[in-house]
Amino acid sequence: MKTFSIFVRGILVVSLATALFGCSDRPVLESPIGIVTVDSSFTQLIPAGERLPYVFSDVFGNAEDNQKQIEVALSQKRPEGVEQIASIVADNLPPRPKGTLRVIVTLTISATKELRVKVTITETGYVKEFGPFLVK
């Protein structure tokens, strides 16, 4: 079966195969996945209950002028608290004013619950991949 993707404001939200056919026999993500921000709050990127495989992509900006690296603290919110999955670092970034560097972060979770992360800066051709990391 061919799978097509639906994008909303640049964010890949669901595969068309899932939307049209349900695919209810696929595994489900038990707990939401997100990032822990500078102020230590959890920002959800992928909600619990999503059928796997699943792909999420969004564009982020640099938080400071001439920031040389961006750290992404990937976490999963569990009933007992927020559990860090991985801390990934995109480094050697080109100097740019705050908020002007477009960093695309793509999270891909396989049907076997392996999370892979891809960081892309299209302006420079920078691509760095991380993983796999196991999620629940």
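The values are calculated or read from the model by the stated rules, or taken from the named source; none is laboratory data. What you see is a predicted model; the values in this text were computed from it and never measured. Every residue, glycine among them, receives a Cβ derived from its backbone with ideal geometry; neighbour counts consider all protein chains shown.
Yes or no, residue by residue, for (1) more than 23 Å from Q44 (Cβ to Cβ); (2) crowded, with 18+ Cβ neighbours inside 10 Å:
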{"site": "N66", "(1), (2)": "yes, no"}
{"site": "E71", "(1), (2)": "no, no"}
{"site": "Q76", "(1), (2)": "no, yes"}
{"site": "T106", "(1), (2)": "no, no"}
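K136 falls short on exactly one of the conditions (1) more than 20 Å from T37 (Cα to Cα); (2) in a strand (DSSP E or B), and that condition is (2). Within the set V119, V103, the sole residue that is β-branched (V, I, T) and within 10 Å of the chain's Cα centre (by Cα) turns out to be V119.
Taking strands (runs of 3 or more DSSP E) as the structural unit, those lying wholly within the stretch 2-50 and holding at least 1 residues that are within 16 Å of the chain's Cα centre (by Cα) and at pLDDT 80 or above correspond to 33-36, 42-46. Checked against (1) outside any strand (DSSP E or B); (2) more than 20 Å from V36 (Cβ to Cβ), T120 meets all criteria but (1). Note on the stretch 23-78: residues that are closer than 24 Å to T124 by Cα and of a type in the set (F, W, Y) amount to 2.
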